[in-house]
Amino acid sequence: MSFKALDAVEALVPYAPGLSIAEIQEKYAIDRVIKLASNENPLGVPPLARESIARMAASAFRYPQGGNPRLVKALAEWHQLPPKRIVVGNGSDEIIDLMIRITCSPGKNSIVCNEPCFSLYPIQAQIHGVEARRCPLRKDFSFDFAGLLAQVDFSTRLVFLTTPDNPSGYCPPREHVEHFAHALGQCSPDCLLLIDEAYMDFAENEEADSLLIGGQIPPNVGFLRTFSKSFGLAGLRIGYGILPEHLAECFWRARLAFSVNILAEEAAIAALEDESFRQASMQAISSGRKQLAHGLEALGCCVWPSSANFLLFQLPPDAPGALDCFEYLLRKGVIIRALKSYNLPDYLRVSVGNPEENEIFLSNLGDYLAETRSAKA
Ligand SMILES: *Cc1c(COP(=O)(O)O)cnc(C)c1O
């Protein structure tokens, strides 16, 4: 007997998540492990969300209301947009997956994304038998918009852009994205530009950088956002999208009725209301980003400018290698992100933690560089 899955699934290299704290504690038998690998919020869970989860625990025996209307309404008010344009999912991961499934026929349609990019876009496309066309980023990690457009043809249903981008933190000027959306609409009216703004609220000037804010949203543009980063709810799995009305309606037809559970839904509503937590998070990221960038530069690393809650960097040229450094830090109980799965084996990515975590990371990295230098001398 041979139970075979689809060829596309048999051939799949699955998504590689950041390592977990428990994993590293067990493997190296150490108590204190800090995780700066998955861009989670260093301040933890918003207090109002925590209260709401405790309050809702007694209702966990009930199914959630189909379509999560309370959360949809809260998000519509938050963004000042019609509720019919809002969708919510089990993390924006679910929305990415469903958007590919509801717009692309296997073996027939294609999506276009950058190379490297958040690997879920090409992975979910592959699972569904949909071709993912890749356009290399420029050397400085900026977007090659003309190159992206050149990959689009009559078969293309979705173009994915991540702004600010993961793993670089690059945020393209608003005018460039606007211009691209317009050009895409001209050449391919059936293709949706899906802008993943998982990190947009960390940009220094969200109003200036996001097409979602202040002005008319181009008709062929949709957005993804998440409660996993600035809202501190990654473990509850909740993300949302803003889509053209018709696609939003189709999304709801296809989504599993209860994929967003009641604790997640109520926590998300409470998180939207916790303005002081939000302010504190933005402040923590903005100052932590500076702390890390200064510290990394002082150690001789090359740091990319970032509009997100993480930094992409390269070690000084005389250091042994990114993977070696990554493993050294793991043994010291500091988890950052090696970028082999992004095809960037010489780079590392570190999430902004709280001031103490940032300092522990920097001092361990300093130890690593000093030790490898004295070993060589
Ligand atoms: C973290 C992240 C997300 C969020 O995913 P969730 O499923 O909402 O946790 C989406 N896109 C990118 C590029 C990310 O880095």
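What the table below lists for this structure:
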{"quantity": "Residues with amide H under 5 Å from that of VAL112, placed H, sequence gap 5 or more", "calculated": "ARG133, LEU158, VAL159, PHE160"}
{"quantity": "Segment ARG138-SER286, extension gain: residue separation times 0.36 nm, minus the distance between their alpha carbons", "calculated": "50.7 nm"}
{"quantity": "Potential lengthening between LEU323 and ARG32 on full extension [0.36 nm per residue; Cα-Cα distance subtracted]", "calculated": "102.6 nm"}
{"quantity": "Highest to lowest packing among 187-195, 10-18, 266-274, 225-233, scored as the average C-beta count within 10 Å", "calculated": "225-233, 266-274, 187-195, 10-18"}
{"quantity": "Global geometry of segment 1-114, whether rounded, prolate or oblate, following the gyration tensor of its Cα atoms and the 1.5 cut on a/c", "calculated": "oblate"}
{"quantity": "For VAL352, solvent-accessible area (1.4 Å; no DNA, RNA or ligand), Å²", "calculated": "0 Å²"}
{"quantity": "Isotropically averaged projected area of segment 1-68, using the convex hull of Cα atoms (one quarter of hull area), nm²", "calculated": "10.3 nm²"}
{"quantity": "Net charge of neighbours whose Cβ lies under 10 Å from the Cβ of CYS104, counting Lys and Arg as +1 and Asp and Glu as -1", "calculated": "+2"}
{"quantity": "Inter-probe distance in nm under a simple model that places probes 7 Å from Cα toward Cβ, at LYS376 and ASP153", "calculated": "4.8 nm"}
{"quantity": "Exceeding the 21 Å Cα-Cα cut-off - candidates LYS35/LYS340; LYS84/LYS108; LYS35/LYS332; LYS35/LYS376", "calculated": "LYS84/LYS108; LYS35/LYS376"}
{"quantity": "For GLN124, net neighbour charge (Lys/Arg +1, Asp/Glu -1) across residues whose Cβ lies under 9 Å away", "calculated": "-1"}
{"quantity": "Estimated distance in nm for a label pair at PHE258 and CYS187, the labels positioned 7 Å out from Cα along Cα-to-Cβ", "calculated": "4.6 nm"}
{"quantity": "Stretchable slack from GLU115 to GLU275, in nm (0.36 nm times residue separation minus alpha-carbon distance)", "calculated": "54.0 nm"}
{"quantity": "Computed FRET value (nearest 0.05) for ALA146 with ALA58, which takes r as the C-beta separation and R₀ as 41 Å", "calculated": "0.15"}
{"quantity": "Inter-label distance, nm, simple model (7 Å from Cα along the C-beta direction), GLN80/SER20", "calculated": "4.2 nm"}
{"quantity": "Tensor-based shape of segment 39-197 (alpha-carbon gyration tensor, a/c under 1.5 rounded, otherwise prolate or oblate)", "calculated": "prolate"}
{"quantity": "Whole-angstrom Cα spans of segment 275-370 along principal axes, big to small", "calculated": "44, 26, 22"}
{"quantity": "Unit Cα scatterers, Debye sum, the chain: log10 I(q)/I(0) for q = 0.14 Å⁻¹", "calculated": "-1.29"}
{"quantity": "Two-site FRET efficiency, GLU207 against ASN343, from Cβ-Cβ distance with R₀ of 41 Å, rounded to 0.05", "calculated": "0.75"}
{"quantity": "Beta bridges per DSSP with both ends in the chain, % antiparallel, nearest 5", "calculated": "45 percent"}
{"quantity": "Total formal charge among the other residues, if their Cβ is under 12 angstrom from that of ASN354, Lys/Arg +1 and Asp/Glu -1", "calculated": "-3"}
{"quantity": "Cα gyration tensor category, rounded, prolate or oblate, for segment 104-166 with a/c compared to 1.5", "calculated": "oblate"}
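The values are calculated or read from the model by the stated rules, or taken from the named source; none is laboratory data. Small disclaimer: the values here were computed from a predicted structure and weren't measured. A quick note on method: Cβ atoms are made from the backbone with ideal geometry, for glycine too, and the neighbour counts reach across all protein chains shown. What goes into the accessible areas is simple: the full protein's heavy atoms, side chains included, and nothing from ligands, DNA or RNA. Shrake-Rupley method; radii C 1.70, N 1.55, O 1.52, S 1.80 Å.
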